[in-house]
Amino acid sequence: MKWLKVYGLPKLPLFLAKLAMRLGLPGPSWYKWKAAASGTGVILDEMIRAADDLGYDGQKIAKLAMTRIGEKQGRDLREQLGVKTMKDTVDVVMLANRFFDIEITLTEQREGEYVINADRCPWFGGMGREGVPGWDVKPCAAFSTYEKALVKAINPNVKLSYTEKRTTGGHTCRGVYQYRDKGIGDNAGLIQLGRKPEKTRPG
């Protein structure tokens, strides 16, 4: 089978692309979903490289941007999905990862700790599929910052850390969810997210 191969996008059977062009169709919905996810990775990667080329710290800029996105999306998810426990937090983050076409598996569970593996990331590849060319530790670190901010916004009692990452030579991407304070349990209730006080005009 011949494939249409475009930088930063998943492969599409060439006959489907030609058929969509001939009939004026928008293309398969599954392809649009995966294309949007992969395209996000390309934008992040190129944003870092462009900032570096201009003499800025591209990774620092990307981390700041991704942190802000994670915080905003995390608040929305928390408010609408009713997060109460650490397991709820893990489930919501796994759902958010599906929006980016990342396949996550919960592999271990013990008291106060959950361990997940990212079996496939459309940007780095895996499971027999190619990722985004040039995807390395910088964009991966920026996305990890997004995930950590997402977790903190969803449930401030919980923290996410990584014990293994494929961009740094690991066999998988392995994340560990734990309580920020070991004395905190699911029955402690969620810490309320603080808001910055509004500035008041003098006199």
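The values are calculated or read from the model by the stated rules, or taken from the named source; none is laboratory data. Being a predicted model, the structure only gives us computed values, none of them experimental. Positions of Cβ are generated from backbone atoms using ideal geometry, with glycine treated the same way; all protein chains shown enter the neighbour counts. Side chains included, ligands, DNA and RNA excluded: accessible areas come from the protein's heavy atoms. Shrake-Rupley method; radii C 1.70, N 1.55, O 1.52, S 1.80 Å.
Per-peptide packing, taken as the mean over residues of other Cβ atoms within 10 Å, places 155-162, 116-123 in the sequence 116-123, 155-162 from highest down.
T67: net charge of surrounding residues, Cβ under 11 Å, Lys/Arg +1, Asp/Glu -1, itself excluded? Write out the running numbers ahead of the final one.
Working: positive: K60, K63, R68, K72, K148, K152; negative: E71, E147.
It works out to a net charge of +4.
For the residue pairs K11/K63; K34/K72; K87/K165; K63/K87; K60/K159; K2/K72, the alpha carbons lie more than 32 Å apart in K2/K72.
As an exercise, use a Förster radius of 30 Å and the Cβ-Cβ distance of Q109 and E79 to find the FRET efficiency, rounded to the nearest 0.05.
Details: r = 26 Å, r/R0 = 0.87.
Calculated value: 0.70.
Charge tally for L95 (other residues, Cβ to Cβ under 14 Å; Lys, Arg +1; Asp, Glu -1): -3. Ligands, DNA and RNA left out, the accessible area of region 65-179 computed with a 1.4 Å probe is 48% carbon and sulfur.
Give me the 1.4 Å probe accessible area per residue for region 65-179, excluding ligands and nucleic acids, in Å².
On the way: 5400 Å² over 115 residues.
Ligands and nucleic acids excluded, the figure is 47 Å² per residue.
Proximity of backbone amide H atoms, modeled 1.01 Å from N, is registered between W3 and L14 at under 5 Å, excluding neighbours fewer than 5 places apart on the same chain.
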